[in-house]
1. Among (1) open to solvent by 20 Å² or more (accessible area, probe 1.4 Å); (2) in contact (Cβ under 8 Å) with a residue 60 or more places away in the chain; (3) at negative phi, where does Asp14 come up short?
2. Criterion first (open to solvent by less than 20 Å² (accessible area, probe 1.4 Å), under 20 Å from the mean Cα position of the chain (by Cα) and small (Gly, Ala, Ser)) does Gly180 satisfy it?
3. Looking at region 39-63, I want the residues that are on the phi > 0 side of the Ramachandran plot and have a partner that is open to solvent by 30 Å² or more (accessible area, probe 1.4 Å) with Cβ atoms under 9 Å, at least 6 apart or on another chain. Which pairs are those?
4. Every residue in region 99-114 that is surrounded by fewer than 19 Cβ atoms within 10 Å (Cβ to Cβ) and either basic (Lys, Arg) or part of a loop (DSSP other than H, G, I, E, B) (or both), please.
5. Among the residues of region 188-247, write down those that are open to solvent by less than 50 Å² (accessible area, probe 1.4 Å), modelled with pLDDT under 95 and under 17 Å from Ile124 (Cα atoms).
6. Answer yes if at least one residue in region 167-177 is more than 21 Å from Phe263 (Cα to Cα), in a loop (DSSP other than H, G, I, E, B) and more than 16 Å from the chain's Cα centre (by Cα), and no otherwise.
7. Kindly provide the set of residues from region 135-168 that are aromatic (Phe, Trp, Tyr) and either surrounded by fewer than 21 Cβ atoms within 10 Å (Cβ to Cβ) or closer than 17 Å to Gly196 by Cα (or both), ordered by number.
8. Go through Tyr253, Tyr257 for me and flag whichever is more than 30 Å from Glu332 (Cβ to Cβ) and touching a Phe, Trp or Tyr at 6+ places or on another chain (Cβ under 6 Å).
Amino acid sequence: MSLNITSYPEKVVDNDNNKISRWSAVHHSIKFGMKRQDYDIRHYYNATTYVSTIVITSGTVIDSFTAGDKIFVETPTGSVELTVDSYSAPNIIYCVAQALSYNPSLYGYMNVLSRTNYFIRTLIWGVTQSNQYYYIGTSINKVDSSGNAEIDVSSFLKQAVGYENEFDYDKVNEKDLLLGGQYNITFNENWVGYQGEYAAVSSTNLRFYVNAAKQIQDLYGSNMGEYVPFYLGSSPEVDDNALFLSDFEKPTYFPSYPFDLQFIYSESLAGIVTTREEETFNINGVSQGTSSTQLDNSQVQEVNRLMIAGSYASGVKEIDVWLDTDGIIDCEKSVQQGYVVSGYVKEICGSPVIIANPVDAGNLTPRAQQESSVDTPLTQPTS
């Protein structure tokens with residue numbers, strides 16, 4: 001494909017290249033940078049005759065060049081718009097009457113400006129409660145004179161968030177798709193008489209959004225890096241710096257009333273046993289005991305609601321709550337199918353979250369406009 005993503009909405013956390021936050025606040029711009037590069041080329045320039053010779057070095061040539069066609073050439077020393085004088089099939093273009101300061105031989109790329117009404121069509125995909133892609137919307141974008149474009153998907157993702165609390169407060173943790181979610185994009189090139197194919201959406205490499213807004217001078221801008229827990233396998237603990245998604249440093253818990261903490265259950269913890277740790281204190285700050293409860297790892301890669309233990313003794317006045325892991329792989333047991341000994345079970349350990357491809361071919365109606373269940377996924381076209 002001659003169209004590539006050059007920048008992603010992500011940040012390096014704590015200056016550690018192993019800690020990349022792909023979680024963005026949805027009420028800010030969430031931008032992908034893209035660059036059009038129709039053909040890889042080598043540009044030979046004769047400063048005496050002013051002849052530019054463009055040799056296409058890779059890819060199948062799908063354009064038929066004629067005298068007068070315009071091309072845009074960029075190499076490490078600069079860029080220029082050239083006019084085709086002649087074409088020697090299958091891969092050599094000659095341009096004349098140009099005075100350039102180029103090195104005689106440089107690699108670079110070229111764009112064919114005779115591809116009229118060139119634009120990028122980007123499909124935005126969300127993920128349902130049952131981990132299947134569904135179609136959210138389509139963004140149409142033009143490129144600038146150098147072939148660059150910015151694709152902002154935030155306005156599409158905002159459709160998926162909300163403020164209704166549907167948590168039943170009967171589980172230690174549960175994902176809430178109104179608080180955030182997973183998404184992905186796929187894209188193609190278009191111009192008059194041509195529509196490119198879409199690449200398949202990845203089942204594992206996703207991006208994430210949170211129903212949040214950030215302050216202008218926040219450490220990572222509109223990225224949620226401060227709130228993303230990382231486990232890199234080199235430490236017995238979840239990263240100390242990750243925060244709960246709370247407006248309060250010390251929220252108040254009222255017994256018998258609904259109470260939960262929200263947190264980003266990041267992709268770094270997929271397949272890893274993670275626990276909610278609690279320590280209670282009396283009015284004098286003396287510890288009254290600790291407890292540990294394993295989280296439901298099937299809720300990973302989403303914004304989660306987290307219950308606290310509750311039913312504390314009357315002498316408890318303060319509770320410390322945090323997440324922890326010792327790096328043990330999470331396992332689940334399933335009955336082995338087929339001819340086996342009665343009661344035999346198999347442990348499946350460390351399974352990553354796999355997002356299923358859309359299954360309903362050809363229909364690109366956003367989920368919010370469907371008459372069917374909200375969990376009915378829609379498909380990505382192949383051309």
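1. The one condition Asp14 does not meet is (3).
2. Taking the combined requirement at face value, the residue satisfies it.
3. Filtered contacts from region 39-63: Tyr50/Val96; Tyr50/Ala97; Tyr50/Gln98; Tyr50/Ala99; Tyr50/Leu100; Gly59/Asp40.
4. Ala99, Leu100, Ser101, Asn103, Pro104, Leu113, Ser114
5. Across region 188-247, the qualifying residues are Gly196, Tyr198, Val201, Ser202, Ser203.
6. no
7. Across region 135-168, the qualifying residues are Tyr163, Phe167.
8. On inspection, the qualifying residue turns out to be Tyr253.
The values are calculated or read from the model by the stated rules, or taken from the named source; none is laboratory data. Since this is a predicted model, take the numbers as computed values, not measurements. Positions of Cβ are backbone-derived with ideal geometry, glycine not excepted, and every protein chain shown enters the neighbour counts. Please note that ligands, DNA and RNA were not included when accessible areas were found on the heavy atoms of the full protein model with its side chains. Shrake-Rupley method; radii C 1.70, N 1.55, O 1.52, S 1.80 Å.
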